[in-house]
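See below for the structure under consideration.
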Amino acid sequence: MSDKVFPSSKPTATAAPPAANGGAPASTNGTTNGGTTKSHLYNPTSRPPYRPQPYHRRHRPRRNYCCCCCFWTILLILILALLVAIAGSVFYVLYRPHRPSFTLASLRIHRLNLTTTADSSSSHLSTLFNLTISSKNPNSHLSFSYDPFVVSCVSSNSDVFIGNGTLPAFVSSSKNETTFRGVVVTTSSDLDAETVNSLRPDLKNKKGISLKLEMDTKVTVKMGGLKSKKVGIRVSCDGVKGVVPKGKSPSVANVARAKCKVDLRIKIWKWTF
């Protein structure tokens, strides 16, 4: 029995065309020097190659810096205010400071004349007062050093200027009382028609004219070796009743109801409070 020869199912490799200029023939079946064909299938176990990313520095916005700055500023102000409040409380508990007190002991009116010309074209006011003022320091550990006082007298109802004077500078020690006698308040000035019309009814009042005394100065507070800056104060004495003197004898004003209060005068730029 003769054997049958079956042809191979694999395609026969065709000869590669000769290369140009006598070079090596080019391969057409995708193999290289008898190697195997490369696979292009996806392999899930394989990892992609590591590629380092460039580092980008993150910049904080300016708004965060502004908020942080405002927060610390407000916190610092609150801490300082708290420390000042604590120090003030301790100072008040230990020393219990009190304001100085002033008293208008007496007021004598030597002259209070309002003269008007025949044609009523001008009016002249002439006044002369004599005051007795006392100052008392109720504190045990504080002393007050006053600059010279500027004393002014006005009518309480119409606020017309009556006269002015001065009070010398002095030092009020602890638990000390200082009295000034013979303080002169005077004026000689011309008044306009509107001022005269507002002052004349007060002068004709049988019960007398209501007067108010104002004294302005600056004071320095001392406590042991500590010394404060100068602070402006105003002493206002209201409730004085005076009558126009008759003849050469002075009239004594009623100061029984006169009360004097001391207020701070704080000046900020052009305004005084």
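The values are calculated or read from the model by the stated rules, or taken from the named source; none is laboratory data. The shown structure was predicted, so the numbers you read here are calculated from the model rather than taken from an experiment. Cβ coordinates were reconstructed from backbone atoms using ideal geometry, including for glycine residues, and neighbour counts include every protein chain displayed. Each accessible area value is taken on the protein alone, full model and side chains, heavy atoms only, with ligands, DNA and RNA left out. Shrake-Rupley method; radii C 1.70, N 1.55, O 1.52, S 1.80 Å.
Please list log₁₀ I(q)/I(0) at q = 0.09, 0.14, 0.19 Å⁻¹ for segment 127-273, using the Debye equation with identical point scatterers on the alpha-carbon positions.
Rounded to two decimals, the profile gives -0.34, -0.77, -1.22.
Among the aspartates and glutamates, which have Cα under 17 Å from the Cα of K246 when same-chain residues fewer than 8 positions away are ignored?
D202
Which order do the peptides 238-251, 113-126 come out in when sorted by mean C-beta neighbours inside 10 angstrom, highest first? Display every interim value, and only then the final one.
Details: 238-251: 14.9, 113-126: 12.2.
Taking the mean over residues of other Cβ atoms within 10 Å, the ranking is 238-251, 113-126.
Give me the accessible area per residue for segment 101-185, probe 1.4 Å, as a whole number in Å².
45
Are any of the pairs K206/K259; K175/K227; K175/K261; K229/K259 more than 21 Å apart by Cα-Cα distance, and if so, which? Intermediate results must be reported in sequence, preceding the final value.
On the way: K206/K259 23 Å; K175/K227 18 Å; K175/K261 19 Å; K229/K259 28 Å.
Too far apart for the 21 Å limit: K206/K259; K229/K259.
What is the Rg over Rh value, at two decimals, for segment 158-222, using alpha-carbon atoms and the Kirkwood definition of Rh?
1.10
Which order, highest average first, do 154-164, 222-232, 171-181 follow once you tally other Cβ atoms within 10 Å for each residue and take the mean per peptide? Let's see the in-between values first.
On the way: 154-164: 17.0, 222-232: 11.5, 171-181: 13.9.
Final packing ranking: 154-164, 171-181, 222-232.
Relative to the present Cα-Cα distance, how much length would full extension add between S126 and S249 at 0.36 nm per residue of separation?
This chain segment gains 42.7 nm when fully extended.
In nm, to one decimal, how far is the modelled label at I74 from the one at N205, with both set 7 Å along Cα→Cβ?
5.4
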